[in-house]
Every structure is written in structure tokens, then in C-alpha cells.
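Down below is the structure, laid out as C-alpha cells.
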Amino acid sequence: MWRGNPLVAMIPPYLLGIGISLLMTLDFWRGGESGSSMHALFLYAIVGTAVGYILYPVKSSVCSSPLLAIFVWSSGAAISVFAFWLVVSVTLALPLVIRLGLAIGLIQATILLLRHVIGRRFSQARAGVLVAALTILCASSPIWLSPWLEWSGEHSPLMDLALAMSPPTCFAVALDYDYLRSPWFYKHTAYAMHRYEYPSAGLLIFVYGFLCLAAVRIDRRFRKSSPNEPFGKFQHDT
Amino acid sequence: MKYLPILVALMMSATTVSAAAKETNKSTSRKTIEKTVMQQDEKLAEEAKRAIDRGLHYLRENQAEDGSWSKNVGITALALRAFLESPRKYTEDDGAFITKPVQYVLSRVREDGAISGEMQNLSYNTAVAITALQATGNPKYQEAIKGGQSFLKKHLIDEGEGYSKDHKYYGGIGYGGDERPDLSNAYLALESLKATALDPKDPAWEKALVFINRCQNRSESNDQTWAANDGGFTYMPGYSPHEATASYGGMTHAGLLSLLFAGADKQDPRVQAAYDWIRNHYSVDENPGAPNKQGLYYYYNAFAKSMYAYGEAEITDGKGSKHNWREDLMRKLVSLQNPDGSWVNSTTKWWEGDKNLVTAWSIIALNLAVR
């Protein structure tokens, strides 16, 4: 376990995360059909968030305040989008990039906080897998739900719900980018053939903000009930 | 023998009189047929006009309190256009059922010039909105129209978005928001730019032609490797939602219109190739090349617009049969109208389960057919 400053401990994996995300996204973007810079930023948001989640240094961050560590890590993820923006598309309007950065930070914080509080009850490893699986399930809902949603008719609320629960929708709303009509989604989901509506930015901020606050509150309860118990050393941890 | 010349003269005059009588009879029967056909045409046109009235009545009945239809800028603009272009030529003086949707559309004008109440379908909504605003003939809306024009021109994919001319998306327009372009959106955008009198020398037309060419299955003008040679159009370069890169009806009419909007004339080989595809696949019973009634009413709408723009009353199909497209379309749409005045597609893909949208499309098509 890291004995020094936990924030300093986060720098190497953080830089590694940016590097991996840049490489993966740039490669994917250049090999893809769309040369759209908006599409590239959207991809970066997905890849960057996933890589950030995987590389988050759980063990080192628990030395001091895990909530602070999550906040710093998520802020870093949010800021990282500017590096990508500088590399691929400075022509894209800055307010959009700022909004995307906020969306990345919010999603990153939500999934890390969920992992953190679930890890209070189970092991961090199990919590990590559980939250990752849940996130992937939600993120891919427009794909796996679309064949089932066709029967529900024109402009079904179910289609809107499935879209709203997918984290990439947050990035799309931030960018004003209809990702369901990007070439891949257009060809592989039935969404584009039907009427659907993206949730408002306000609703998304409320839902994800609520999840974050709920996680912080649950974390406090855990701390109050067992103040001396160090994080990551529960009996379930193996 | 002395009576022979008189007999011959009598026979000749009898023959002449008989021939003249036959000719008169022929001419009378031809006139009778023409009169009957004209009466039938008029009867059909009257029937179509009544269908338009029933459709407009349905739209009025289903208009929301705020003047919109289906809570959507695009559908509202299309329904508004259906009223404005109808034989009754409704105007803003006719009341709130016209002024309210106009205000609804105007209330959705965004800072960037787009007219849309939602983040998706920006180009689509903007295009149909400025077309409808232009149809009001009210000069007060010029600012919104110019803003919409600028938005559409800005969203036309070109060097500004980092695309070079050799990219297959160059010159296209998508739903808005930087997505991949398609011919359906491109044609609606071009229609709106044409309707709102964008300068014919504007570079946007030339750029759009590059994209239009890349959607046509015509290897002489399409530089894409997949291009076939039937002259029809597909949805976007290298992709059709129905089968690989196959041409289909809705897009071929959209493609023909796009070519005409962008400045190609009737003699242009690309236009001729598209028209030949339409002739060879002539139908008002289906959207040729699309299965299960998919996009059928979109097809009828584009069909009416392209045939009207092409300017021929009759079309000769691939088997040599002549068709009056107006009559065929009127007859078909009248037969498909629901008792409540609406039209709807049982295949709900492409929003064709929305009665307001499909009714607006059908009326716009009939408005052109009865002209």
C-alpha cells in the first residue's frame, strides 16, 4: 500500500489513463467512418471514463479521504478532455468541451462513488466488477433493448427511458450530439427508425447528482457505525 | 350508258358523304371520350380536394393548444405547410390555427439559427421550418429564415468540419449536430434553401452536388467503388437501410429533386438516369426497393414533389405503359385515407406511425397533384 501522499500516488495511473484513452480513441476515430470531431470527443468521453474507472488507484486513495480522492480523480478525468480537444479539434466550440468535461467528471464520480460504497459492504474487487457490469449494461441499453422496443410503437416512453439510463447519453447531451445516428449506432440499432427524445441536461444532472449525494450519505453512515475500521480491510475483503 | 356518269357521280358523292359521316362520328366519339376523361379527371381532382379538406380537418382537430402538432417543430412545420399550400390557400388571416403554429415554430429559434425544440433532428426541423415560414409569405420572418439558412449552410459538411473533398461525406447534411449525412436530410435542406431563394451561385450548391453524386448508383458520376449503374439513389454513400447499397424509391425521388434543386437540368445525364430508374420502377402501390411498406408515405411525398418539379404530366414505365402520375397518386391516396381524415402507415418505422406527420405528408403530396 502507498505510504506517501495519496494524491501524488494518483498521478502515474492518471497520466497512463490519458495516454491509453488518447491512443485508443485516436486510433478508433481515424479507422472509423466518421471524421467528425464531435464523434471523436464523444468516443473519448466513453473510453476515457472506462479507462479512468479501471485505473483508479483504490488502494492508495484509501490512505486518507477516499471521497476527496474520488473528487480529485474525477476532476482530472474532466480536465483530460481538454488535452484531447487540443489534439483533435480546437475548432469545436469551447462551451461544448466544458460541458463535456463536466459530464465526464460527473459520470466518473458517480461510478467511483458507487463502487466505493458498495465496496464498504462487499470487497472492493467485487464492487468494482459489479459496478462495471451495471454500467456496461446501462450503457449498452440502446443496443440490446432496441429489438424489444420496436413493438412498443411510435415514440414509446420505454425508448426514452432506455436512452436516459445509458451513461453515454450524458456525453451526447453535453455535446448536443445525436450519437444514435452516428454510423455504427444507425446501422446496428433500431433507434434511428423511431421517434425518441434525449433527456434534458437538468434531469441528468439531478439524477447523477442525486446518486453521488446518496453514495456520500451512505458512506458517512458506514463511517459513523464503524469509525475505526480502515477502508479496504473488511472481513469480506479477500 | 348516258346515265353512267350520273350514276358514278352519285356513287362518289355517296361515298364522300359516308366517309364524312364516319369522320364526324369518329370525331364526336373522340370528343365524347375526351369529355368523359376530363369529367373523370375533374371528378377525381374534386375527390382529391375533398380528401385534402378532410385531412386538414383532421389536423385542426388534433392541433395542440399551443398550435403545435405532436409537440414537434418538424411535424408542426409540415402540417403548417400542408395548410398554406392547400387549394384553399390558407393564410395567417384565417386565424389562430395558422398563426399559433407559426409562433410555435418561431419560439424554437435558437441562437445558432437552428429551429428545433430538441437536440436531435436539428437540420431536419430547421429545413422544414424555414420552408413553412417562407410559405406564409410574411416578410417579418425573414430574419428567422436567414438564420435557418446560415445554420444549414454551416452544417453542410465541408472543410470547416475537417473533411476534404475526397471524403465520402463531403457536401452532405445529416440530422444536425455533426452526425453522418444522408440524402434524405440533404434533399430537405436543399429544398428549403431553394424555397428561401438562396443565391444560385452560393458554393453550398456545388458542394451538395458532390454528395448527391456519391449517393447515386451511377459509376460515371459517382467515384465510390460500390457504385452500380441503375441510376437510382441510396440513402447515403455506401449504405441503404434496406439492402447493401441498393437504390430505392424514396431516395431516388429525393435524389432527382436534389439534382434539380442544385442546378442540374432535365437533360443532365444524372437526372435522366434517375428518371429512367423511376420509370422502370414506377409504382404508387409500394416504395420500390423497400420492404413491408417501409417509408411508404415519405415516398409518396417525395414522388409528388419530384414529378411536379420534373414537369411531365405522363410517365412511360419500363414496359411502355403510360401513366398520369397525378391521377395515380390522387386515386391511391384517396383510397388510403382513414374515415377520420388521417393517413397512417401500419409499418411505423421512420415515424410513419405518427398520424399528424403522415397526414401532413399526404396532403402536401395531394396539394401538388391537384395543381
Filter result (open to solvent by less than 40 Å² (accessible area, probe 1.4 Å) and either among the small types (Gly, Ala, Ser) or not in a helix (DSSP H, G or I) (or both)) within the stretch B:255-278
B:GLY255, B:SER258, B:ALA262, B:ALA264, B:ASP268, B:ALA273, B:ALA274
Exception for B:VAL128 within (1) open to solvent by 20 Å² or more (accessible area, probe 1.4 Å); (2) away from every other protein chain (no Cβ under 14 Å) falls at (1)
What residue, among those in the stretch A:199-211 that are open to solvent by 20 Å² or more (accessible area, probe 1.4 Å) and in contact with a helix residue (DSSP H, G or I) (Cβ under 6 Å, 6 or more places away or on another chain), is nearest to the other protein chains (Cβ to nearest Cβ)?
A:ALA201
Criterion violated by B:MET330 - all others in (1) in a helix (DSSP H, G or I); (2) surrounded by fewer than 24 Cβ atoms within 10 Å (Cβ to Cβ) satisfied:
(2)
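Each row is one residue, and each column tells you yes or no for (1) in a loop (DSSP other than H, G, I, E, B); (2) at pLDDT below 90; (3) facing another protein chain (nearest Cβ under 8 Å); (4) within 22 Å of B:LYS168 (Cβ to Cβ).
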position: A:ASP160; (1), (2), (3), (4): no, yes, no, no
position: A:LEU163; (1), (2), (3), (4): no, no, no, no
position: A:PHE171; (1), (2), (3), (4): no, no, no, no
position: A:GLU197; (1), (2), (3), (4): yes, yes, yes, no
Listed residues A:ALA83, A:ALA77; which is at pLDDT below 95, crowded, with 22+ Cβ neighbours inside 10 Å and closer than 12 Å to A:TYR44 by Cα?
A:ALA77
Could you tell me whether the stretch B:99-111 includes any residue that is part of a helix (DSSP H, G or I), within 22 Å of the chain's Cα centre (by Cα), away from every other protein chain (no Cβ under 11 Å) and of a type in the set (D, E, K, R)?
no
With the structure loaded, tell me whether B:ALA304 is touching a helix residue (DSSP H, G or I) at 6+ places or on another chain (Cβ under 8 Å), under 28 Å from B:ARG54 (Cβ atoms) and crowded, with 19+ Cβ neighbours inside 10 Å or whether it fails that test.
yes
(1) aromatic (Phe, Trp, Tyr); (2) more than 14 Å from chain A (Cβ to nearest Cβ); (3) open to solvent by 30 Å² or more (accessible area, probe 1.4 Å): which one isn't true of B:TRP205, the others all being true?
(3)
Single unsatisfied condition, B:MET236 versus (1) open to solvent by less than 20 Å² (accessible area, probe 1.4 Å); (2) without any contact (Cβ under 8 Å) to a residue 60 or more places away in the chain
(2)
Of (1) in contact (Cβ under 8 Å) with a residue 60 or more places away in the chain; (2) open to solvent by less than 40 Å² (accessible area, probe 1.4 Å), A:THR169 fails just (1)
From B:GLY148, B:GLY171, which residue is in contact (Cβ under 8 Å) with a residue 12 or more places away in the chain, over 26 Å from B:THR245 (Cα atoms) and open to solvent by less than 20 Å² (accessible area, probe 1.4 Å)?
B:GLY148
Restricting attention to the stretch A:13-34, does a residue exist that is more than 14 Å from chain B (Cβ to nearest Cβ) and modelled with pLDDT of 85 or more?
no
Take the residues in the stretch B:24-76 that are open to solvent by 100 Å² or more (accessible area, probe 1.4 Å) and of a type in the set (Asp, Glu), then tell me which one is modelled with the lowest pLDDT.
B:GLU34
Identity of the residue in the stretch A:99-143, within 16 Å of the chain's Cα centre (by Cα) and β-branched (Val, Ile, Thr), that ends up surrounded by the most Cβ atoms within 10 Å (Cβ to Cβ):
A:ILE104
Output for the stretch B:221-246, where each listed residue is within 14 Å of chain A (Cβ to nearest Cβ), within 23 Å of B:GLU286 (Cβ to Cβ) and out of contact with any Ser or Thr (no Cβ under 6 Å at 6 or more places or on another chain)
B:TYR235, B:MET236, B:TYR239, B:PRO241, B:HIS242, B:GLU243, B:ALA244
Is the stretch B:279-286 home to any residue that is surrounded by fewer than 24 Cβ atoms within 10 Å (Cβ to Cβ), in contact (Cβ under 8 Å) with a residue 12 or more places away in the chain and touching a Phe, Trp or Tyr at 6+ places or on another chain (Cβ under 6 Å)?
no
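The values are calculated or read from the model by the stated rules, or taken from the named source; none is laboratory data. Since this is a predicted model, take the numbers as computed values, not measurements. Note that each Cβ is placed from the backbone with ideal geometry, even for glycine, and that neighbours are counted across all protein chains shown. Calculation scope for accessible area: heavy atoms of the full protein, side chains included, ligands and nucleic acids excluded. Shrake-Rupley method; radii C 1.70, N 1.55, O 1.52, S 1.80 Å.
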